[in-house]
Amino acid sequence: MSTGMPASSGSLEHANVVLGAPEIGRALTRIAHEILERNKGGDGVVLLGIPTRGLPLARRLAQRLADVEPGLDPGALAGSLDVTMYRDDLAHQPTRTIGATDIPGGGLDGRVVVLVDDVLYSGRTIRAALDAISDLGRPRAVQLAALVDRGHRELPIRADYVGKNLPTSTTERVRVLLEETDGRDAVVIDGGTR
């Protein structure tokens, strides 16, 4: 997760739920339509989810793309991109488990890669993802889809598709909970001054 805080840690009793399951579903449907419109269909599009929660979001988006454009195979659209070894904060973070990178058949060369992440914050995870992609191939274009953009960018990175812009203070935590990883869908904010 882009906040550096596991979604399951801490109590949710004082958290402010800003998106529930219906809002997350609508946001993903809208993003899927925007991806298809911008790219004139889904041919040549690859969705790469950044673990942990970017991966189930990429799979959900792939299914929505296939729902709109029936010739698409959702299983062939989505993959995962582990960016652990490309991060610039490895010396300052606890040891991380290296995850799997799974590129759909056909590779990345000449295709439109849509990176999918749960929260866009400083931009450092996405910078690491761009470095990882450059080692894997040469896409025609790279785009970014984020369920939540909370601001506070440290690098000049901007999402092409955003589910919800969520202005936050740096003392607040934005946590994305997904059915696949947490047993329910929600976006919550906690911390900060009250």
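The values are calculated or read from the model by the stated rules, or taken from the named source; none is laboratory data. Just so you know, these numbers come straight off a predicted model, no measurement behind them. We place every Cβ from the backbone using ideal geometry, glycine too, and count neighbours over all the protein chains shown. All accessible areas refer to the heavy atoms of the entire protein, side chains included, with ligands and DNA or RNA removed. Shrake-Rupley method; radii C 1.70, N 1.55, O 1.52, S 1.80 Å.
Observations on the structure shown:
- Looking only at region 169-194, and only at residues there that are surrounded by 13 or more Cβ atoms within 10 Å (Cβ to Cβ) and at pLDDT below 95, the one that is farthest from the chain's Cα centre (by Cα): Gly191
- Contacts under 9 angstrom Cβ, first residue in region 131-142 being within 13 Å of Val112 (Cα to Cα), partner part of a strand (DSSP E or B) and open to solvent by 30 Å² or more (accessible area, probe 1.4 Å), 6 or more apart: Ile133/Val142
- Verdict on Val148 being over 29 Å from Arg111 (Cβ atoms), of a type in the set (Val, Ile, Thr) and within 14 Å of the chain's Cα centre (by Cα): no
- Count of residues meeting criterion [in contact with a Pro (Cβ under 8 Å, 6 or more places away or on another chain) and exposed (fewer than 12 other Cβ atoms within 10 Å of the Cβ)] in region 101-128: 1
- Residue check, Gly110 part of a loop (DSSP other than H, G, I, E, B) and in contact (Cβ under 8 Å) with a residue 40 or more places away in the chain: yes
- Residue that is farthest from Glu34 (Cα to Cα) [pool: residues in region 77-91 that are of a type outside the set (Phe, Trp, Tyr) and open to solvent by 50 Å² or more (accessible area, probe 1.4 Å)]: Ala91
- Total residues in region 72-101, condition over 22 Å from Tyr161 (Cα atoms) and touching a residue at least 12 places away in the same chain (Cβ under 8 Å): 13
- Test: residue in region 157-167 that is part of a loop (DSSP other than H, G, I, E, B) and in contact (Cβ under 8 Å) with a residue 60 or more places away in the chain: yes
- Residues in region 27-70 that are over 16 Å from Gly105 (Cβ atoms), surrounded by fewer than 23 Cβ atoms within 10 Å (Cβ to Cβ), in contact (Cβ under 8 Å) with a residue 24 or more places away in the chain and not charged (D, E, K, R): Ala27, Leu28, Thr29, His33, Leu36, Asn39, Gly41, Pro51, Thr52, Pro56, Val68.
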